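Novice: Below is one structure. I have some questions about it.
The values are calculated or read from the model by the stated rules, or taken from the named source; none is laboratory data. Everything numeric in this text was worked out from a predicted model, so none of it was measured. Please note: Cβ atoms are built from the backbone with ideal geometry, for glycine as well, and neighbour counts cover all protein chains shown. Side chains are part of the model used for accessible areas, which takes the heavy atoms of the whole protein and leaves out ligands, DNA and RNA. Shrake-Rupley method; radii C 1.70, N 1.55, O 1.52, S 1.80 Å.
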Amino acid sequence: MSHGGLYSTEEVRRRAVQALERGIGVAHVAEAYGVHRGTVHRWLVRYSLQGVQGLARQPGSGRPRKLTELGETDFRWLVLQPASAFGYETDLWTVGRLQVVLEEYLGIDLSKDTVWRRLREAGLTYQKPERQYWEADEEARQEWLRREVPRIRRIVRKFRAILYFQDESNVSLTAFLGKTWSLRGVTPKAKVTGQRGGVAAMSAIARRGYLLFRLYDKRIASAEVMEFLGQMLRHHPRRHLVVVMDQAPPHVSKATTAFIESQARLHVFYLPKYSPDWNPDEKVWNHLKHHELKAHGAKTKEDLKVLTTQKLTSMSRDPQLVQGLYFRCCVADFFG
């Protein structure tokens with residue numbers, strides 16, 4: 001059988017799956033049977049869901065159908081798998097990719113509209129994934145949950161402290177544009193500045209709906225970190241503060257460490273490396289850039305600084321919004 005295209009019979013599919021079960025790699029099975037690796041992946045999925053019966057090609061009427069053959073549980077399971085498990089180079093699904101896999105799995109013809117409709121009916125939405133770094137040490141992350149989370153909770157209870165998560169970011173003159181409506185085939189235009197640059201910013205968020213921030217005209221270094229921590233202490237003159245932040249060099253420098261140790265009301269803990277998904281303050285920057293400052297019209301750094309200050313001030317005066325951002329982060333659940 002060649003790549004170009006003889007029909008794969010049920011017997012061939014069964015033999016291919018049996019080869020996979022014996023431990024032969026997908027690439028070798030695909031080469032042996034003259035098919036694409038993605039096809040072999042899909043055979044395996046069909047076998048996992050329906051057994052041998054799933055390897056039989058189902059006759060189609062040639063007309064679009066509504067995927068009634070596939071239950072909602074199985075449909076969700078399929079979509080929540082990485083697309084790479086079905087032979088694609090990346091993990092992300094598109095409607096086109098899903099259409100191809102479903103047509104191969106069900107042996108019927110589908111329209112993209114049918115796939116869209118079924119996605120919506122299953123409660124699935126098109127979302128931008130969060131980054132997870134290859135360098136992240138999952139064992140170290142789990143150890144942090146076992147050891148550091150109880151320590152943080154003890155310190156918060158002992159001093160009746162306010163727990164903050166801190167982070168910094170750069171707000172760019174190059175705005176995130178988002179999407180808008182336009183006539184089919186006519187790409188809409190949005191005027192933006194061609195200048196480069198941005199504003200350095202630092203913020204801290206607490207579950208009670210507190211949001212503190214500060215903007216800088218220069219790159220953030222140890223001096224700015226110490227200044228911001230001091231600002232937080234002045235904002236809460238009689239309270240102990242527990243601040244959780246990442247291990248960026250300005251956070252763990254000798255100067256910053258010495259400053260932290262000199263402040264009796266300040267207790268700092270560090271997240272495991274490459275764990276931005278565990279910092280609720282990341283949600284502040286995501287919301288600011290993708291919602292509050294979407295398609296902003298700032299032309300200069302000064303314009304951007306003024307606009308960013310306005311937007312962060314407005315956010316800080318909306319405790320419900322801030323709490324919503326805080327609890328979008330999974331780690332927030334560990335601290336109530």
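Novice: Just to confirm, what accessible area per residue do you get for segment 117-246 at 1.4 Å probe, in whole Å²?
Specialist: Accessible area per residue: 68 Å².
Novice: Something else: Per DSSP H run of n ≥ 4, the term is -39500 (n - 2.57); total these for the chain, divide by its residue number, and report the mean residue ellipticity at 222 nm rounded to 500 deg cm²/dmol.
Specialist: -13000 deg cm²/dmol
Novice: How large a share of the accessible area of the chain, in percent, is made up of carbon and sulfur atoms when the probe is 1.4 Å and the other protein chains stay in place?
Specialist: Carbon plus sulfur share of accessible area: 50 percent.
Novice: Continuing with the same structure: Give the lysines whose C-alpha is closer than 24 Å to that of K112, dropping any in the same chain fewer than 8 places away, or say none.
Specialist: Here the lysines satisfying the reach criterion relative to K112 are K66, K128, K179.
Novice: Follow-up. Calculate the FRET efficiency for W134 and R238 from the Cβ-Cβ distance with a Förster distance of 51 Å, rounded to the nearest 0.05.
Specialist: For R0 = 51 Å, the calculated efficiency reads 0.70.
Novice: Provide the packing ranking of 167-175, 312-320, i.e. peptides ordered by the mean count of other C-beta atoms within 10 Å per residue, highest first.
Specialist: Peptide ranking by packing, descending: 167-175, 312-320.
Novice: Just need the relative contact order of segment 151-277 here, percent rounded to a whole number, with Cα pairs under 8 Å and 6+ apart.
Specialist: 27 percent
Novice: Taking the 0 to 90 degree range and rounding to the nearest ten, how far is the long axis of helix 37-50 tilted relative to the main principal axis of the chain, both from C-alpha atoms?
Specialist: The angle comes out at about 90 degrees.
Novice: Only bridges with both residues in segment 146-290 count here: give the DSSP antiparallel percent, nearest 5.
Specialist: Antiparallel bridges make up about 60 percent of those DSSP assigns within segment 146-290.
Novice: In degrees between 0 and 90, to the nearest 10, how far off the longest principal axis of the chain does helix 112-121 point, with axes built from Cα atoms?
Specialist: 60 degrees
Novice: How far apart, in nanometres, would the label points at K179 and Q231 be if each is projected 7 angstrom from Cα along the Cα-to-Cβ direction?
Specialist: 3.6 nm
Novice: A follow-up question, please. How much length, in nm to one decimal, is gained on full extension between R22 and R265, taken as 0.36 nm per residue of separation minus their Cα-Cα distance?
Specialist: 81.3 nm
Novice: Hey, another quick one. Return one number: the angle in degrees, 0 to 90 and rounded to the nearest 10, between the long axis of the Cα atoms of helix 222-235 and the longest principal axis of the Cα atoms of the chain.
Specialist: Tilt of helix 222-235: around 70 degrees.
Novice: Mind jotting down the distance between the C-alpha centroids of segment 77-97 and segment 175-200, whole Å?
Specialist: After rounding, the separation between the Cα centres reads 29 Å.
Novice: Here's a follow-up. Apply the Karplus parameterisation 6.51 cos²θ - 1.76 cosθ + 1.60, with θ equal to phi minus 60°, to every residue of segment 251-262 and state each ³J(HN,Hα) to the nearest whole Hz, in sequence, with x for glycine and proline.
Specialist: Ordered by residue, 3J(HN,Hα) equals 7, 10, 5, 4, 5, 5, 4, 4, 5, 4, 5, 7 Hz.
Novice: Would you please give the FRET efficiency between Q195 and Q50, computed as 1/(1 + (r/R0)^6) with r the Cβ-Cβ distance and R0 = 56 Å, to the nearest 0.05?
Specialist: Working from the Cβ atoms, E equals 0.45.
Novice: Sort 214-222, 12-20 by packing, meaning the average of other beta carbons within 10 Å per residue, with the highest value first.
Specialist: With the highest mean Cβ count within 10 Å placed first, the list reads 12-20, 214-222.
Novice: Would you please give the FRET efficiency between A122 and S253, computed as 1/(1 + (r/R0)^6) with r the Cβ-Cβ distance and R0 = 41 Å, to the nearest 0.05?
Specialist: 0.25
Novice: On to the next question. Report, in whole Å, the centroid distance computed from the Cα atoms of segment 138-157 and segment 15-34.
Specialist: Each part reduced to its Cα centre gives a spacing of 44 Å.
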